[in-house]
Amino acid sequence: MEMRADLVVVGAGMVGSALALALQNGGLEILVVDGSPLSVKAFDPQAAFEPRVSALSAASQRILERLGAWQGIARRRASPYGDMSVWDGSGTGHVHFSAASVHAESLGHIVENRVVQDALLEQLHDSDIGLVANARLEQMRRSGDDWLLSLADGRSVRTPLVIAADGAHSAVRRLTGCETREWDYLHHAIVTSVRCSAPHQRTAWQRFTDDGPLAFLPLAHADEHWCSIVWSTTPKEAERLMALDSGAFCAQLERAFEGRLGHVEHADARVCVPLRQRHAKRYVAEGLALIGDAAHTIHPLAGQGVNLGFLDAAVLAEELLHANGRGERLADARVLSRYERRRMPHNLALMAAMEGFERLFQADPLPLRWLRNSGLKCVEQMPEAKALFVRQALGLSGDLPELAKP
């Protein structure tokens, strides 16, 4: 069976779903193709937290609100945080950021990825967008002016425009030969949820250890004692930590975090994720565009990955809808390049900043240790610089699409 559409989004993750919803009123026939069942998981407020979370910026919240998904997120659970505390575990440098410095209510929200995904899927199921579930992409080839997508179950899809939103290991990117620049951070991230004896105070905490950054992110719970942790360390150390029993792991985690939130009393099941940075050399080609992790992956120390993806989706939707209104051919590389011109510089700049930041805090030479501690102390004494950082964290600087504007 051959299906047809004006546009196919491959990947119904958070970013792909957001793009499809942003395009739904543009008079286009849209198909979303994904290898999962695309079912919405019943939410149990008493259930354990999912280990993978995102720090959603104010810009991402506005996008999700306008797509109708934020209500579903808030109905489940989301943890606003108004402060961020960062310090160097090998020195005395420390800096504190506050939403109040820019008259904002919060710096963002820590939300489980599954919660965001289900809220978006609810909106997709209530829309006229076509959903092709349990559909693993096997082949792609050009057929005239179209792409012909072959699925593992024998079905096929014909479309002039394919959007790759299928993650860091994108099948679309691989099948179409899109080149990337990538390198291994030589670090793994251990993620899980923990309960501490002291409340998190709606603050995101981050300590830079000798092996890598360790973040405690506040989770929504009645007593404010639960946090999501992201512990970046060497592969050998990550293997050792993953092999510990729960009690020993909690003790090691508490020591690494200097006991800032008291005792680490409990840890849920742990997940270990290798860290690798990727960036596509081009985001677009004739009839093809890459968004989100299919286009770029970034170190999790700033929690910006999914926020970049949502901005990708919003900018691409804006450009496609404008082009459609002018009667332009959406698959034209000149149309798609407008999205690339708006998003690539911003993504590259943030990726370079995070790379430099990560390397600075991994540096052992004494002059660099002195430099980073002096830098943190200097920033702590500069309200204007801190406010600039806060605005960047909120996602409210740069070329914002209409969906993200106040």
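The values are calculated or read from the model by the stated rules, or taken from the named source; none is laboratory data. As the structure is a computational prediction, the values presented were derived from the model and not from experiment. Ideal geometry is used to build each Cβ from the backbone, glycine not excepted, and the neighbour counts take in all protein chains shown.
Observations, loosely collected:
- Evaluation of G35 against (1) farther than 22 Å from V172 by Cβ; (2) in a loop (DSSP other than H, G, I, E, B) (one fails), failing number: (1)
- Hits in the range 17-45 (condition: among the small types (G, A, S) and either within 19 Å of V306 (Cβ to Cβ) or in contact with a Lys or Arg (Cβ under 8 Å, 6 or more places away or on another chain) (or both)): S17, A18, A20, A22, G35, S36
- Selection of the range 228-270 for residues being of a type outside the set (G, A, S) and within 30 Å of A349 (Cβ to Cβ) yields I229, V230, W231, T233, T234, P235.
- Test: N307 is surrounded by fewer than 21 Cβ atoms within 10 Å (Cβ to Cβ) and either touching a Gly at 6+ places or on another chain (Cβ under 9 Å) or polar (S, T, N, Q) (or both): no
- Among residues of the range 148-158, those that are within 28 Å of the chain's Cα centre (by Cα) and either buried (at least 20 other Cβ atoms within 10 Å of the Cβ) or at pLDDT below 95 (or both), counted: 1
- Residue that is surrounded by the fewest Cβ atoms within 10 Å (Cβ to Cβ), among those in the range 86-128 that are among the hydroxyl-bearing types (S, T, Y) and more than 20 Å from the chain's Cα centre (by Cα): T92
- Selection within the range 164-184 - of a type outside the set (S, T, Y), more than 19 Å from the chain's Cα centre (by Cα), surrounded by 14 or more Cβ atoms within 10 Å (Cβ to Cβ) and not in a helix (DSSP H, G or I): C178
- Within the range 184-200, being in contact with an Asp or Glu (Cβ under 9 Å, 6 or more places away or on another chain) and more than 16 Å from V264 (Cβ to Cβ) holds for Y185, H187, H188.
- Of all the numbered requirements in (1) touching a Ser or Thr at 6+ places or on another chain (Cβ under 8 Å); (2) farther than 26 Å from F389 by Cβ; (3) not charged (D, E, K, R), G72 misses one, and that requirement is (1).
- Pick from the range 117-142, criterion assigned to a strand (DSSP E or B) and of a type outside the set (V, I, T), ranking: nearest to P45 (Cα to Cα): L131
- In the range 6-28, residue farthest from G72 (Cα to Cα) [restricted to those that are of a type in the set (A, V, I, L, M) and part of a loop (DSSP other than H, G, I, E, B)]: L28
- P300 vs. criteria modelled with pLDDT under 95, over 19 Å from D399 (Cβ atoms) and not small (G, A, S): yes
- Considering residues of the range 203-245 that are among the hydrophobic types (A, V, I, L, M, F, W, C), surrounded by 22 or more Cβ atoms within 10 Å (Cβ to Cβ) and outside any strand (DSSP E or B) only, the residue farthest from the chain's Cα centre (by Cα): A238
- Within the range 317-354, the residues that satisfy the criterion of being farther than 20 Å from W147 by Cα, aliphatic (A, V, I, L, M) and surrounded by fewer than 17 Cβ atoms within 10 Å (Cβ to Cβ) are L348, A349, A352, A353.
- Positions within the range 185-202 being buried (at least 17 other Cβ atoms within 10 Å of the Cβ), more than 30 Å from A352 (Cβ to Cβ) and small (G, A, S), in sequence order: S193
- When the test is whether a residue is under 20 Å from the mean Cα position of the chain (by Cα) and in contact (Cβ under 8 Å) with a residue 40 or more places away in the chain, D312 passes it.
- When each of H266, H322 is tested for being assigned to a strand (DSSP E or B), more than 25 Å from M140 (Cα to Cα), modelled with pLDDT of 95 or more and not acidic (D, E), the lone residue that passes is H266.
- Top-ranked residue of the range 37-83 - restricted to ones that are more than 18 Å from D312 (Cα to Cα) and acidic (D, E), ranked as surrounded by the fewest Cβ atoms within 10 Å (Cβ to Cβ): D44
- Qualifying residue in the range 108-116 (condition: in a strand (DSSP E or B) and of a type in the set (A, V, I, L, M)): yes
- Selection count where residues are within 20 Å of the chain's Cα centre (by Cα) and either within 21 Å of I229 (Cβ to Cβ) or assigned to a loop (DSSP other than H, G, I, E, B) (or both), scope the range 41-73: 12
- For the condition surrounded by fewer than 24 Cβ atoms within 10 Å (Cβ to Cβ) and either aliphatic (A, V, I, L, M) or free of Cβ contacts under 8 Å to residues at least 40 places away in the same chain (or both), R270 does not qualify.
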